[in-house]
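A short worksheet on the structure shown next.
The values are calculated or read from the model by the stated rules, or taken from the named source; none is laboratory data. A quick note: this is a predicted structure, and the numbers were derived from the prediction, not measured. Using ideal geometry, Cβ is built from the backbone for each residue, glycine included, and neighbour counts are taken over all protein chains shown. Ligands, DNA and RNA are excluded from the accessible area calculation, which covers all protein heavy atoms including side chains. Shrake-Rupley method; radii C 1.70, N 1.55, O 1.52, S 1.80 Å.
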Number of protein chains: 2
Amino acid sequence: MSIRIGILGYGNLSRGVESAIAQNPDMELVAVFTRRNPESLKVKSGVPALNVSELEKYKDKIDVLVLGGGSATDLPAQTPEYVKHFNVVDSFDTHARIPEHFENVDKAAKAAGKVGIISVGWDPGMFSLLRMISTSVLPEGENYTFWGKGVSQGHSDAIRRIKGVKDARQYTIPVEEAVNRVRKGENPTLTTREKHTRECFVVVEEGADKAAIESEIVNMPNYFSDYDTTVHFISAEEMERDHKGLPHGGFVLRSGVTGFDKENKHIIEYSLKLDSNPEFTGSVIAAYARAAYKLSKEGVSGCKSVFDIAPAYLSPLSGEELRRTML
Amino acid sequence: MSIRIGILGYGNLSRGVESAIAQNPDMELVAVFTRRNPESLKVKSGVPALNVSELEKYKDKIDVLVLGGGSATDLPAQTPEYVKHFNVVDSFDTHARIPEHFENVDKAAKAAGKVGIISVGWDPGMFSLLRMISTSVLPEGENYTFWGKGVSQGHSDAIRRIKGVKDARQYTIPVEEAVNRVRKGENPTLTTREKHTRECFVVVEEGADKAAIESEIVNMPNYFSDYDTTVHFISAEEMERDHKGLPHGGFVLRSGVTGFDKENKHIIEYSLKLDSNPEFTGSVIAAYARAAYKLSKEGVSGCKSVFDIAPAYLSPLSGEELRRTML
């Protein structure tokens, strides 16, 4: 019997989850739920698109509901709400608000006897897991996280909001020299500017003041002013031809020492090179949806993060098969 | 209150565990137990060295017993035996016999109400974990494991058994071209010879037949005949000066695809660069000893592998602290 999944929302991430489910024979997508007019959605895999108001009829027809919404306003309200009726997985990624989100989801999930897994993806998610495990193994050392090369959706959006800008794509790029110093075990102290650069490709309206737009980008606080930023003005055709994808990736490094005299260095590195950020994130979510299903079957309830879930729950294989083939 | 650890055996690995415990403020080494005359042991951290026959007096004085013995003959007997009285952690690494070892330890551990964690280290151990998680996240793809550059103790020993050889050190070296092909996402099929080379440094007795020794090494079945092997004859002084350490490391890569048309490639890479193989392995064991302690406190019993343990158990931090600082 398949694990029956529902998805709330149908943006890039939800479509990534949809395609991941199609790769996992033990899972089945039941329906996509939307706050918009469902007739406006063309769901790639052909399952029904339904208005979110239909969800209550699906309480016994869905094992896990994946919440594809955003962290700013959707998930803080949705995850504690829907966990009252469903096992849920979200990708809540506002790091500073995770403790509060966890508490809210935990309370609701325990009261309802459901499982809510939050902050699933690659950062937070896989990167968090690697930071945590590596820090436990090498307690004396430093953690470094680099992102990219890849498209930052938030930074691209920030540029798009500038007057005169028609479209924009922002790439976050790790500074190779900084990465290499960490890989060598130098344990450098790195400023924001020393770790990443930002490269922007911008399509402007006819007659727009490019110099003013460039200045507004590179000086934008929080987003760009702490970085070395390059701006390229390109045509709409070039944007469509060269910047269509959503690649991303990055590295988590732990550089630590062991020995009675701290004489031995060790570098643990985890790296991701992703052609499609939303499809990879969706693949991680699919694996944790399996975990939510298995945990719920065992009678577990409450909020969980990637730290709280034994890795075997992510796999369709039995413990015996895993030991025989992967250990 | 500290987690009280005992160590059985005092070889390289046990000394690695000893130095790791010294780096973890929530742990305390109680004693080292040996089958040899304990007076012959000089324990670095100054704790008592005791004969193994004393162990039964320590049933209530030790929370976790780390078994530092070898996989060939020690651990298959010791782990199921000692788990009758202690929570134990071992580094059993004969991959083919893991299922059988697991069953034996599980039966004894459940009967005794103790926790036995087996096959802890980096391969099996961290590498297994990464293979398993990455395969669950990207179900369509290939796994690749490369070892080195590093000293293989087993291969060094095999050379030392050759007549006329006084000392030997064997380095396993991943073939860079093969690693790069995997990193590019080519998903190549690689033979044993294409993945690793072997480099040997050998000190011979005076008058030994070097040509015969070299031929015996490179043609040795199982160990060398399937590899391109280089042999260097060096002096005892050079061995002492240049080959004293036990560095190791390696890479686990998962190369997979996502998308309805499998159009997007993803590479997950986990790599280790270790100055000291036994100290890093000992550090992993220390973290899992903490997990054994916590699981046992919760009333859990039975055999566990790295697949069965939620990562949070490895850390001295609370769930709340982990979410605030690492997620």
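Please calculate how many Å² of accessible area the protein assembly as shown carries per residue, with a 1.4 Å probe and no DNA, RNA or ligand atoms counted.
Each residue of the protein assembly as shown exposes 42 Å² on average to a 1.4 Å probe.
Do any residues of the range B:311-327 show a loss of at least 50 square angstrom of accessible area between the isolated chain and the full protein assembly, using a 1.4 Å probe, and if so which?
Those are B:PRO311, B:ARG323, B:MET326, B:LEU327, which lose 50 Å² or more relative to the chain on its own.
Report the one residue of B:ILE5, B:VAL52, B:GLY299 whose Cα lies farthest in the direction of the positive end of the charge dipole of chain B (charges on C-beta: Lys and Arg +1, Asp and Glu -1; origin at the Cα centre).
B:GLY299
Taking the simple approach of a point 7 Å from Cα along Cα-to-Cβ for both B:ASP261 and B:GLU186, what is their distance in nm?
Those two pseudo-labels are separated by 2.5 nm.
What order do A:ARG181, A:ARG254 take when sorted by accessible area (1.4 Å probe), most exposed first?
Ranking A:ARG181, A:ARG254 by accessible area, largest first, yields A:ARG181, A:ARG254.
So if I place +1 on the C-beta of Lys and Arg and -1 on the C-beta of Asp and Glu, and nothing else carries charge, what would the dipole magnitude of chain A be about its Cα centre? I want it in debye, nearest 20.
The dipole of chain A has a size of about 780 debye.
Summed for both chains, how many Å² of accessible area, to the nearest 100, are buried between A and B with a 1.4 Å probe?
6000
About its Cα centre, what dipole magnitude does the range B:1-67 give when the only charges are +1 on Lys and Arg Cβ and -1 on Asp and Glu Cβ, stated in debye to the nearest 20? Please report the intermediate quantities before stating the final value.
Details: 9 positive and 8 negative charges, 49 e Å.
Computed charge dipole of the range B:1-67: roughly 240 debye.
In the range B:169-327, what % of DSSP beta bridges are antiparallel (nearest 5)?
Close to 75 percent.
Using only alpha carbon pairs under 8 Å that are at least six residues apart, calculate the relative contact order of the range B:1-46 and give it in whole percent.
Normalised by residue count, the contact order of the range B:1-46 is 47 percent.
Which of A:ALA178, A:ALA286, A:ALA31 ends up with the largest GNM mean-square fluctuation for chain A, with Cα atoms connected below 10 Å?
A:ALA178
Measuring from a point 7 Å out along Cα→Cβ, what nm distances, shortest first, does A:LYS110 have to its partners in the other copies?
3.0
If I build a Gaussian network model for chain B, linking alpha-carbon pairs within less than 10 angstrom, which residue out of B:GLY113, B:GLY46, B:GLY70 has the largest mean-square fluctuation?
It is B:GLY46.
Rounded to the nearest 0.05, what FRET efficiency do A:GLU194 and A:ASN51 give with R0 = 30 Å and r taken as the Cβ-Cβ distance? Could you check?
0.05
Whole Å is fine, so just give me how far the alpha carbon centre of the range B:274-296 lies from that of the range A:210-276.
That distance is 33 Å.
According to a simple spin-label model (label point 7 Å from Cα along Cα-to-Cβ), what is the distance in nm between B:ARG324 and A:ASP242?
4.6
Tell me, what is the 1.4 Å probe accessible area of A:LYS57, in Å² to the nearest 10?
130
May I ask you to evaluate 6.51 cos²θ - 1.76 cosθ + 1.60, the Karplus curve with θ = phi - 60°, for each residue of the range A:27-40 and list the ³J(HN,Hα) values in order in whole Hz, giving x for glycine and proline?
Working through the residues one at a time gives 10, 9, 8, 8, 6, 10, 10, 9, 7, 8, 5, x, 5, 7 Hz.
If you count only protein heavy atoms and use a 1.4 Å probe, how large is the accessible surface of B:CYS303, to the nearest 10 Å²?
My reading of the accessible area for B:CYS303 is about 10 Å².
Starting from the residue with the highest accessible area, list A:ASP60, A:ASP74 in decreasing order, probe 1.4 Å.
I get A:ASP60, A:ASP74, largest accessible area first.
Taking R0 as 25 Å, what FRET efficiency do you get between B:ASP228 and B:ASP157 from their Cβ-Cβ distance, rounded to the nearest 0.05? It would help to have the intermediate numbers written out before the result.
On the way: r = 21 Å, r/R0 = 0.83.
That gives a FRET efficiency of 0.75.
Which residues of the range B:235-268 show a drop of at least 20 Å² in accessible area when all protein chains are present, compared with their chain alone (probe radius 1.4 Å, heavy atoms only, ligands and nucleic acids excluded)?
In the range B:235-268, residues shielded by partner chains: B:THR258, B:GLY259, B:PHE260, B:ASN264, B:LYS265, B:HIS266, B:ILE267, B:ILE268.
Are there GluC sites (Glu not before Pro) in the range B:106-213 that DSSP marks as loop and that have at most 16 other Cβ atoms within 10 Å, and which are they?
Details: sites: B:GLU140, B:GLU142, B:GLU176, B:GLU177, B:GLU186, B:GLU194, B:GLU199, B:GLU205, B:GLU206; in loops: B:GLU140, B:GLU186, B:GLU205, B:GLU206.
Qualifying residues, ordered by number: B:GLU140, B:GLU186, B:GLU205, B:GLU206.
What is the range B:18-86 by shape, rounded, prolate or oblate, if you read a ≥ b ≥ c off the alpha carbon gyration tensor as root eigenvalues and call it rounded for a/c under 1.5, prolate for a/b larger than b/c, and oblate otherwise?
It is rounded, given that a/c, with a ≥ b ≥ c, falls under 1.5.
So which GluC sites (Glu not before Pro) in the range B:290-327 end up in coil per DSSP with only 15 or fewer other C-beta atoms within 10 Å?
B:GLU298
Check every DSSP H run in chain B and write down those whose alpha carbon atoms cover 15 angstrom or more along the long axis and whose mean Kyte-Doolittle hydropathy is 0.5 or greater.
Working: long enough: B:12-22 (16 Å, 0.24); B:98-112 (21 Å, -0.53); B:126-137 (16 Å, 1.27); B:277-297 (30 Å, -0.09).
Correct list, ordered by number: B:126-137.
Assume the label is 7 Å from Cα along Cα to beta carbon: what separations in nm does A:GLY11 have to the matching positions in the other copies?
Counterpart label points of A:GLY11 in the remaining copies fall at 5.5 nm.
Tell me the accessible surface of A:LYS107 in square angstrom (1.4 angstrom probe, heavy atoms of protein chains only), to the nearest ten.
150
Compute a Gaussian network model of chain A, connecting alpha carbons closer than 10 Å, and tell me which residue from A:VAL203, A:VAL137, A:VAL306 fluctuates the most.
Most flexible of the set in this elastic network: A:VAL137.
Put the label 7 Å from Cα along Cα→Cβ for B:THR191; what are its distances to the other copies, in nanometres, shortest first?
For B:THR191, the other copies' label points sit at 5.5 nm, shortest first.
Quick one: pull the percent of accessible area on chain A belonging to carbon and sulfur, 1.4 Å probe, ligands and nucleic acids left out.
Values: 6360 of 13740 Å².
Taking all protein chains in place, chain A shows 46 percent carbon and sulfur surface.
Pairs of Cα atoms under 8 Å, at least six residues apart: use those to get the relative contact order of the range B:158-267, whole percent.
This gives 28 percent for the range B:158-267.
Picking from A:GLY164, A:GLY249, A:CYS200, whose Cα lies most toward the positive end of the charge dipole for the range A:163-314 (charges on Cβ: Lys, Arg +1; Asp, Glu -1)?
About the Cα centre, the residue reaching furthest to the positive side is A:GLY249.
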